[in-house]
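Enquirer: Below: one structure in structure tokens.
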């Protein structure tokens, strides 16, 4: 190998290594000392947040919950790709790896609420506005987020843990082809079974059928769904939006014709590919993207 060839190869390897390093994202455990209710010591037992920070943050932040039927996590097209997309227009994103089956309720909800409190407690460190913090969920992650926008508290002012003093009420919600109901015939039974078991208590089923839990205190919500979704029918989004309307909760609902369940950003689906831009417009109208 000639000297010039060696130098060229070295530069190529350095470029590849630099590129790989640049793609690494900070990962923050939600419970550095170990998560309550842990069943083991592997990655799935340790919920965490992956930070996607834009070059020019505008103060808005979103905790992103991938779907997976409460039995897994679609962390690429409903996590990584979403975080990168948010960064394009200044939103700081945190992709949440929450615990799922064999973990059952309330563990996933506890993980999301802990994530909201964590981001809010460290808002200054992340360069965000603690009053511009939303959540976003896909499919079963949408059910988790619909639970979080209807079940929340103001924090424990007497806690020794500064994070637990924070409110877990999100400032807005984004529900993407979400699982909503656990009582109606268009529910996603697999998600219900993974979260609650095959013979859950009727009161628990009702409390987590989130179209029944909307109140005037529910934050504004953006929803989108597709007509062709047979796995989680669009009636899920419809009943939640109707409940919002009844309780006076502002928001938007977008129903598109094309696209199976799990479309993610839907970049190649005519019509449906517009949902990210419409979400961006909604966030702008609501004042979350700065001036």
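Read-outs throughout are calculated quantities, based only on the coordinates presented, and are distinct from any laboratory measurement. Since we're looking at a predicted model, the values are computed, not measured. Methodologically, a virtual Cβ is constructed for each residue, glycine included, from the backbone with ideal geometry; neighbour enumeration extends over all protein chains shown.
Enquirer: Sort 230, 183 so the one with the fewest other Cβ atoms within 10 Å of its own Cβ comes first.
Expert: Numbers: 230 10, 183 13.
The order, fewest Cβ neighbours first, is 230, 183.
Enquirer: Along Cα→Cβ, 7 Å out, is where each label goes; now give me the distance between the ones at residue 84 and residue 165 in nm to one decimal.
Expert: 3.9
Enquirer: In nm, what is the difference between 0.36 nm times the number of residues separating residue 277 and residue 28 and their Cα-Cα distance?
Expert: Result for the pair: 86.7 nm of gain on full extension.
Enquirer: If you don't mind, another one. What order do you get for 226, 150 when you list them from fewest to most C-beta neighbours inside 10 Å?
Expert: 150, 226
Enquirer: In a Gaussian network model over the chain where Cα atoms closer than 10 Å are linked, find which of 141, 40, 173 has the largest mean-square fluctuation.
Expert: 40
Enquirer: Separate question: Compute the acute angle (0 to 90°) between the alpha-carbon long axis of helix 275-285 and the principal axis of greatest extent of the alpha-carbon atoms of the chain; round to the nearest 10°.
Expert: With both axes taken from Cα atoms, the answer is about 80 degrees.
Enquirer: Compute a Gaussian network model of the chain, connecting alpha carbons closer than 10 Å, and tell me which residue from 260, 114, 97 fluctuates the most.
Expert: 260
Enquirer: With just the Cα atoms defining each centre, how far is the stretch 80-98 from the stretch 172-219? Give it in Å.
Expert: What the calculation gives is 25 Å, centre to centre.
Enquirer: Find how much the distance from residue 246 to residue 284 grows on full extension, using 0.36 nm per residue of separation minus their present alpha carbon separation; answer in nm with one decimal. If you can, show how the numbers build up before the last one.
Expert: Numbers: separation 38, 0.36 × 38 = 13.68 nm, distance 2.45 nm.
Here the answer is 11.2 nm.
Enquirer: A further question follows. Take the chain, connect every pair of alpha-carbon atoms lying under 10 Å apart with a spring to form a Gaussian network, then pick out the residue of 124, 80, 53 with the largest mean-square fluctuation.
Expert: Highest fluctuation of the listed residues: 124.
Enquirer: Still on this structure, I have one more. From the list (i) 14.9; (ii) 18.9; (iii) 14.0, can you say which value of mean projected area of the Cα convex hull in nm² was derived from the structure given?
Expert: Working out mean projected area of the Cα convex hull in nm² from the coordinates points to (ii).
Enquirer: Right, here's the next one. Sorted from fewest to most neighbouring beta carbons within 10 Å, what does the list 60, 168, 145, 65 look like?
Expert: Least to most surrounded, the residues fall as 168, 60, 145, 65.
Enquirer: Given a Förster distance of 45 angstrom, what is the FRET efficiency for residue 39 paired with residue 270, based on the Cβ-Cβ distance and rounded to 0.05?
Expert: Taking R0 as 45 Å, the efficiency between residue 39 and residue 270 is 0.55.
Enquirer: In degrees from 0 to 90, rounded to the nearest 10, what is the angle of the helix 235-247 Cα long axis to the longest principal axis of the chain?
Expert: 70
Enquirer: Nearest 10 degrees, 0 to 90: what angle lies between the long axis of helix 107-121 and the longest principal axis of the chain (Cα atoms)?
Expert: 60
Enquirer: Take residue 198, project a point 7 Å from its Cα along the Cβ direction, then tell me which residues of the stretch 102-140 have their backbone nitrogen under 16 Å from it.
Expert: 102
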